[in-house]
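Report on one structure; see the data block that follows.
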Amino acid sequence: MVIRRITSLGLLVSGGPVWAEQCRLALALAMDISTSVDAVEDALQRKGLAAALIAPEVQEAFFRSPQPVALAVYEWSGSFNQKLLLDWLLIEAPADLLAAAHSIGDSERSANDYPTAMGHALAYGATLMQRAPRCLFQTIDISGDGKNNDGYGPQIAYKHFPFQNTTVNGLVINAGDFEGEIDLIPFFQSNVLHGPGAFLEIANGFEDFENAMRRKLERELKGIELTELHP
């Protein structure tokens, strides 16, 4: 009998065709383009995400396992303002990761005058996951610089959309420019994080977005590690 152990989550799976899945992780990255994000800050997000994806430590995390990662990226703001920037792509070689980074870095913002509808952004991510490649795990990674102020909130999305098998991590862009941002971190911790092992990363302003995204990608990718034990 072969026992496979998922070390970071403490789960045991006995027997079964674990490696029959198409990939080890379906990862959807969601970027905030609400009205509080100006043009310079938006550019810092796009260029920062593109740079983080091809950072040496992130590339090592992508390719440390023979099972690939499926990657998708979208931007979000108001209730009806979500746009797919990168459709599901299996990252099987460095060239795939480089192509994804170029696509994101060269993308253009679809809107700049809509509020922050985080519940709708999460619902869009859940729908996107429904047509993701078949993977062992699913993660939505949502970034934001403000609390929900339009449409329904995250808890409504979690109640009415399929998140049973999806973890949601957060990246707070804590610029500290507005009094309302004082409780942004607790808002993410209480309302956004979802599922086993969900965690929050913090960027100290948009200038720190690249570093925070790199740290978060490393943690997400290295958290899904499979080892085989042969009794």
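The table for this structure:
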item	result
Close pairs (8 angstrom Cβ cut-off, 6 or more residues apart or separate chains): closer than 19 Å to residue 47 by Cβ in region 105-119, among the small types (Gly, Ala, Ser) and open to solvent by 60 Å² or more (accessible area, probe 1.4 Å) anywhere	109/39; 112/39
Checking residue 12 against (1) open to solvent by less than 40 Å² (accessible area, probe 1.4 Å); (2) aliphatic (A, V, I, L, M); (3) modelled with pLDDT under 95, the condition it does not meet	(1)
Which numbered condition residue 78 misses (of (1) open to solvent by 30 Å² or more (accessible area, probe 1.4 Å); (2) outside any helix (DSSP H, G or I))	(1)
Some residue of region 117-133 being of a type outside the set (Ser, Thr, Tyr), modelled with pLDDT under 95 and open to solvent by less than 50 Å² (accessible area, probe 1.4 Å)	no
Total residues in region 24-45, condition outside any strand (DSSP E or B) and buried (at least 22 other Cβ atoms within 10 Å of the Cβ)	4
Region 190-201, residues that are modelled with pLDDT of 95 or more and open to solvent by 20 Å² or more (accessible area, probe 1.4 Å)	190, 191, 193, 194, 195, 198, 200, 201
From 159, 147, residue being in a helix (DSSP H, G or I), without any contact (Cβ under 8 Å) to a residue 60 or more places away in the chain, basic (Lys, Arg) and open to solvent by 20 Å² or more (accessible area, probe 1.4 Å)	159
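The values are calculated or read from the model by the stated rules, or taken from the named source; none is laboratory data. Worth saying up front: this structure is predicted, and the values here are computed from it rather than measured. Neighbour counts are summed over all protein chains in view; Cβ atoms, including those assigned to glycine, are modelled from backbone coordinates with ideal geometry. Surface accessibility is based on the protein's heavy atoms, side chains included, excluding ligands, DNA and RNA. Shrake-Rupley method; radii C 1.70, N 1.55, O 1.52, S 1.80 Å.
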